[in-house]
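The values are calculated or read from the model by the stated rules, or taken from the named source; none is laboratory data. Everything numeric here is computed off the predicted structure, so don't read it as measured data. When we count neighbours, we look across all protein chains shown, and the Cβ atoms used for this are built from the backbone with ideal geometry, even at glycine.
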Amino acid sequence: MDTRVEVRDFLTSRRAKITPDDVGLVSYGTRQVLGLRREEVATLAGISIDYYNRMERGNLAGVSDDILAAVARALRLDPAERAHLADLARASRDHAAGRRPGPSRQTVPPSIEWMIDAMTGAAAFVANNRQDVLAANRLGRALFAPMFESAARANMARFTYLDPAARNFFADWDRIAKECVAALRAQAGRNPFDRDLHDLVGELSAESADFAALWAIHDVRHHFAAEKAFHHPRVGRLVLRYDRLAVTAAPGLEIFAYMAEPGSPSAAAIDILAGQPVA
């Protein structure tokens, strides 16, 4: 992925979301752009228009953290967007210095597999930043059976966008789909040189108009814990809480664990699912 294009499109998309009224500016004349003009962002950030123009052309290699913070304030970026801007700046510096970070880790340490296998009351799996599912415990395979049954190598993004079963499996497919794209977009900012990620995004963009449309928006979000509802083909409706934990011994990997509220109908359904054979 072209770092300059990523920077340009991200800053342009954030600028388009803010009106002069949002930031207390008086608007004069006919406006030919959505949101703020470049000079208005520069004024709010306390930098010259030439400097901001250089940033929006995709050059963040020499931009200080203080200026990045000032632009983030001017554009009213949320924490996830601020982190994404910092990642893009880091990628710009790496590009200028000729550095190319390596791809995400592809192997799961045995101790992590033992850990998720010991989690008999939770559906758990390990994924990398491209959403490849590299390991799963027995209940994890049972919960996400439609995904594991549809491909030799499970990938959450491919399942969500390319498998028709996903639209029924996820009770709130629209939300899940947006979160999926936002997570991949954030990873693209952290490592735009990941060829496998680039290929995945190209595949999804070519085969799913929904993915392509959401990818073009440049939204990023942080999701560490949430609630999800499923229509499971074996046990029906499930409402589960999930948490995601970084694997400190293997950077780039995360554990996802899904649990039902004790005593709830979903807990009873999970108990039934846990007792069924996994394909």
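Being assigned to a helix (DSSP H, G or I) and either at pLDDT below 95 or surrounded by 13 or more Cβ atoms within 10 Å (Cβ to Cβ) (or both) holds for only one residue in Val278, Val220, Val239, Val201, and it is Val201. Candidates in the range 6-41 are the residues that are of a type in the set (Ser, Thr, Tyr) and in a helix (DSSP H, G or I); of these, the one that is farthest from the chain's Cα centre (by Cα) is Thr12.
Would you point out the residue of the range 42-63, among those that are hydrophobic (A, V, I, L, M, F, W, C) and part of a helix (DSSP H, G or I), that is surrounded by the most Cβ atoms within 10 Å (Cβ to Cβ)? Lay out the reasoning, then the answer.
Filtering the range 42-63 for residues hydrophobic (A, V, I, L, M, F, W, C) gives 42, 44-45, 47, 49, 55, 60-61, 63.
Adding the requirement that they be part of a helix (DSSP H, G or I) leaves 42, 44-45, 49, 55.
On the way: Ala42: 22, Leu44: 20, Ala45: 20, Ile49: 14, Met55: 25.
My answer is Met55.
Looking at the structure I just gave you, is Ala188 part of a helix (DSSP H, G or I), of a type in the set (A, V, I, L, M) and at pLDDT 95 or above? It is false that Ala188 is part of a helix (DSSP H, G or I), of a type in the set (A, V, I, L, M) and at pLDDT 95 or above.
Between Arg93, Arg82, which is within 23 Å of Asp243 (Cα to Cα), outside the structural domain of Val201 (by TED's automatic domain parsing), free of Cβ contacts under 8 Å to residues at least 40 places away in the same chain and not aliphatic (A, V, I, L, M)? After applying the criteria, what remains is Arg82. Selection of helices (runs of 4 or more DSSP H) fully inside the range 64-171 by the criterion of at least 2 residues being surrounded by fewer than 21 Cβ atoms within 10 Å (Cβ to Cβ) returns 65-74, 79-97, 110-118, 138-143, 145-150, 165-169. A residue that is closer than 18 Å to His218 by Cα and aliphatic (A, V, I, L, M) cannot be found anywhere in the range 44-52. Applying the set (1) modelled with pLDDT under 95; (2) under 16 Å from the mean Cα position of the chain (by Cα) to Ala268 leaves exactly one unmet item: (2). One residue stands out among those in the range 29-41 that are surrounded by 16 or more Cβ atoms within 10 Å (Cβ to Cβ) and among the charged types (D, E, K, R): the one that is farthest from Asp9 (Cα to Cα), which is Glu40.
Within the range 61-73, the presence of a residue that is at pLDDT 90 or above and in contact with a Pro (Cβ under 8 Å, 6 or more places away or on another chain) is excluded.
Pairs linking a residue in the range 184-211 that is in the same structural domain as Arg130 (by TED's automatic domain parsing) and in contact (Cβ under 8 Å) with a residue 40 or more places away in the chain to a residue that is among the acidic types (Asp, Glu) and outside any helix (DSSP H, G or I), with Cβ atoms under 7 Å and 6 or more positions apart or on different chains, are Arg185/Asp219.
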